[in-house]
1. Starting with the highest mean, order 53-65, 222-234 by the number of other Cβ atoms within 10 Å, averaged over the residues of each peptide.
2. Treat the chain as a sphere of radius equal to its Kirkwood radius over Cα pairs and apply Stokes-Einstein at 10 °C in a medium of 1.306 mPa s; give the translational diffusion coefficient in µm²/s, rounded to a whole number.
3. Can you tell me how the range 52-112 classifies by the Cα gyration tensor, rounded, prolate or oblate, using a/c under 1.5 as the rounded cut?
4. Express in whole angstrom the spacing between the alpha-carbon centres of the range 115-147 and the range 238-252.
5. Restricting to DSSP H runs of at least four residues, report the calculated mean residue ellipticity at 222 nm for the chain, -39500 (n - 2.57) per run over all residues, nearest 500 deg cm²/dmol.
6. Per residue, how many Å² of accessible area does the chain show with a 1.4 Å probe?
7. Report D for the range 41-159 in µm² per second (integer): Stokes-Einstein, Kirkwood Rh on Cα pairs, 20 °C, 1.002 mPa s.
8. With a ≥ b ≥ c taken as the square roots of the eigenvalues of the C-alpha gyration tensor of the range 248-323, please select rounded if a/c is under 1.5 and otherwise prolate if a/b is larger than b/c or oblate if it is not?
Amino acid sequence: MRAPLVDRFGRVADDLRVSLTDRCNFRCTYCMPAEGLAWLPRSDLLTYEEIERLVGVFLDLGVRTVRLTGGEPLLRRGVEALVSMLAARGVPDLSMTTNGLLLAEKAEALAAAGLRRINVSVDSLLRHRFAEMTRRDALERVLDGLRAAERAGLAPIKLNCVVVRGTNEDEVVDFARFARATGYQVRFIEFMPLDAEEGWSRDRVVPSEEVLAAIGRVYPLVPVDHGPEPARVFCFADGAPGGVGVIASVSEPFCGDCNRIRITADGQFRTCLFALEETDLRRLLRAGADDDQIAGAVREAVARKWAGHRINEADFVRPARSMSMIGG
Ligand code: SF4
């Protein structure tokens, strides 16, 4: 076992997000244009063997959680095989973030392969608005996917809802009601400046305090200890099942105890979602580097990790990649 990855602020990086593809079968309006983006050539994508090897190195560096993301990870052919390769490597906490469109048919195989838990992106419970926000009339299929995930024993099930002012903030109480009815945890994510069309503006951000206040007026909430994960989590004061969470990246940044690091689908290592620099692990892999060399490059990058994003600073610079090119 190697020494853990500690940055110059004393934060330990032990939560690895691995993007499997930049492609997606949704066209969410706060993420990408209707026509999609220029997708990465398949030869640029890390192979499953390369991902497994890299994850092996990161486990040896103290990583405990591995989250598979995208674009849309379920678009990657034979993803169940990768899940079982990573489970066989002994990843303590293996999870995935998906838009749920393909979940109904894949949930059982994913669980059988070793996936533990799942986050599903759902931005509206209204069929027409869901279709407007994702440019896909797919709410029913996603809800079917959630039920299939539940039957397959993936737990806990968390929903990620990006709240955009003037679009879906009027649904936060309905989502809380949905959490109580299903036992799921619904996390409300502040809109971040990572959309490909650069349409983000501060006035489209709904601060998390506003979301919590709206829900709390109807369903009083009690904070729950949430550890280093980005969401502040709450349960219902009346003991109802389920819960809600907020990810207040813009209004209340939580970079001070960030434990997250990322690998993009084309093998670039990022120490922050908003990082302006990357480390090319794919080049190292394909140049025949050994695990020590890869671990060394990762440790160097983490040592250089900045204090946090600069969204609220005058000198904020958007990263060259948009969200779907990085992974949640
Ligand atoms: S913005 Fe970067 S440093 Fe801040 S919490 Fe997110 S990944 Fe961590």
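1. On the way: 53-65: 19.5, 222-234: 14.8.
In descending order of packing, they fall as 53-65, 222-234.
2. Working: Rh = 20.1 Å.
Here the translational diffusion coefficient equals 79 µm²/s.
3. Values: a/c = 2.17, a/b = 1.85, b/c = 1.17.
Since a/c reaches 1.5 and a/b is larger than b/c, the shape of the range 52-112 is classed as prolate.
4. Between the Cα centre of the range 115-147 and that of the range 238-252, the gap is 19 Å.
5. Working: 9 runs with 96 residues, N = 328.
Value at 222 nm, helices only: -9000 deg cm²/dmol.
6. Values: 13330 Å² over 328 residues.
Per-residue accessible area for the chain comes out at 41 Å².
7. Numbers: Rh = 14.9 Å.
Rounded to a whole number, D works out at 144 µm²/s.
8. Details: a/c = 2.74, a/b = 1.99, b/c = 1.38.
Prolate.
The values are calculated or read from the model by the stated rules, or taken from the named source; none is laboratory data. In this text, all values refer to a predicted model and were calculated from it rather than measured experimentally. Backbone-built Cβ (ideal geometry, glycine too); neighbour counts: all protein chains shown. Ligands, DNA and RNA are stripped out before the accessible areas are found, and what is left, the full protein with its side chains, is counted by its heavy atoms. Shrake-Rupley method; radii C 1.70, N 1.55, O 1.52, S 1.80 Å.
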